[in-house]
């Protein structure tokens, strides 16, 4: 057993437990995570509180900001917030809301449009959450859709789509994990084919996308979300009394300058610029990374067929998403500047002030994001995920229940650590050899069900975790209270996870049921839950 596991054991679970309990009881995310990091750092410092405190500041907070990928995301958030500030101040956001409003004349159509946009931005989950939330918020506000519902629509379509897209920032990472896992059991397989074969077994991710559509189409909700939606529809209160949205009033209550033309193009062009430049940036950055590497076959493919499907897949997979996103957000900002200045909608000073107000609006959210990264670092050093996996391995179960067990374990790890990528990195190298050994070397349904369970279990845990970066970013982009977002989304995530286990992983692995049959039955069950448990939001 790993030295960290032997040394920390159950203590490794303390920081995430403290963070989650304090966050839900105090409704204050920042101090809750900060205290949890101090506790974890104190444990790694052998009980020295002073050293734990200094390590919290120096290693886990400053160190998180210093990380190149994290810094890129912070810069992207700030620049995108500034761009949205210009778009809002110039009336572009209101114009697009009015334009969409003519097409989506009620809350149901507005929610369907938000769902569709979530599917359209498939190439990266971070870009998805920020662009969908900020772009659709004026429309959903106009239709009296609660910020909690917008955060759910944004969050529930981001990672599920990006993790299964044929071309995305996830695919190379997932294929890399699969290659290492198959190498460890001595099985030669086309890893892209393995990735494709695992998709029908991503029961939770697929069912969540279907579930979101059912919620939008029927106009039904249940649990805390029903209460939030009825509050918004009947009183116009988009957030609950006492809520603390993860976007400040500088952006959400920004006043539009009087007597200016409202042109949707001033919102559409900057947003499209960001989307296009993210894709272009991913291609350029990924291509440069491949050419600078030592994989001769991949280099040859990129040089000889740079726009083939295989080359594009490898190029986007090798790209650093944070770098591309950072460049794209500044391009969007520049375009927004040019548009409002050339049309004389705002003068230079007003444009700068609008950009600053937009950037300022995300300061609290960025602070939460940094602390989430910090507690992730603490959990990694304590061996939280490895400890949970080791417990599972020692339980001694049959191969047929491994997919369901791996799904549950992955969700627990992702919930406790707040990272889906970290969860899959820990679990995949253990789950594949484990199921391969217990199944007597079978490389069929049980193996691919296990692979699908690893990936989608991490997404489920991520959806439920208040310390997940994508969950935080969804709250930020939607200007929702973060804990209210988690509280309202969790019952829906639990519903889809229960269906995924009962009609997905258990029948597939135990009975050998075709996964497409399971998905069809699961979709029917999801609809029945929405239809008979959910209640009409507009009903008295």
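The values are calculated or read from the model by the stated rules, or taken from the named source; none is laboratory data. As the structure is a prediction and not an experimental result, all values here were calculated from the model. Cβ sites come from the backbone with ideal geometry, for glycine too, and all protein chains shown count toward neighbours.
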Checklist entry - Looking at the stretch 74-94, is at least one residue surrounded by fewer than 17 Cβ atoms within 10 Å (Cβ to Cβ) and over 30 Å from residue 344 (Cβ atoms)? => result no
Item to check | Which listed residue is without any contact (Cβ under 8 Å) to a residue 60 or more places away in the chain, assigned by TED's automatic domain parsing to the domain that holds residue 289 and more than 30 Å from residue 259 (Cα to Cα), from 301, 341 | outcome: 301
Checklist outcome for this item: Picking from 215, 199, 206, the residue that is crowded, with 21+ Cβ neighbours inside 10 Å, farther than 13 Å from residue 530 by Cα and in contact (Cβ under 8 Å) with a residue 60 or more places away in the chain would be 206
Item to check | residue 447 being in the same structural domain as residue 402 (by TED's automatic domain parsing) and at pLDDT below 95 | outcome: yes
Checklist entry - Here are 396, 358, 383, 376: which of them is within 20 Å of residue 9 (Cβ to Cβ) and at pLDDT 80 or above? => result 383
Item to check | Index of the failed condition, residue 518 passing every other in (1) crowded, with 24+ Cβ neighbours inside 10 Å; (2) more than 30 Å from residue 80 (Cα to Cα); (3) at pLDDT below 95 | outcome: (3)
Next on the checklist: For the stretch 8-106, give me every one of the helices (runs of 4 or more DSSP H) that falls completely inside it and has 3 or more residues that are in contact (Cβ under 8 Å) with a residue 12 or more places away in the chain and farther than 30 Å from residue 259 by Cβ.
Outcome noted: 14-26, 29-44, 49-55, 63-66, 68-89
Checklist entry - In the stretch 218-238, what residues are surrounded by fewer than 17 Cβ atoms within 10 Å (Cβ to Cβ) and assigned to a loop (DSSP other than H, G, I, E, B)? => result 236, 237
Checklist entry - Can residue 131 be described as crowded, with 24+ Cβ neighbours inside 10 Å and modelled with pLDDT of 90 or more? => result no
Checklist outcome for this item: How many residues of the stretch 331-356 are assigned to a helix (DSSP H, G or I) and either at positive phi or surrounded by fewer than 19 Cβ atoms within 10 Å (Cβ to Cβ) (or both)? The answer is 10
Next on the checklist: Condition check: closer than 22 Å to residue 505 by Cβ, part of a helix (DSSP H, G or I) and free of Cβ contacts under 8 Å to residues at least 40 places away in the same chain. Does residue 450 satisfy that?
Outcome noted: no
Checklist entry - Do you know which of the residues in the stretch 168-216 that are within 19 Å of the chain's Cα centre (by Cα) and not in a helix (DSSP H, G or I) is farthest from residue 118 (Cα to Cα)? => result 202
Checklist outcome for this item: Counting only residues in the stretch 68-83 that are more than 19 Å from the chain's Cα centre (by Cα) and at pLDDT 85 or above, the one farthest from residue 359 (Cα to Cα) is identified as 83
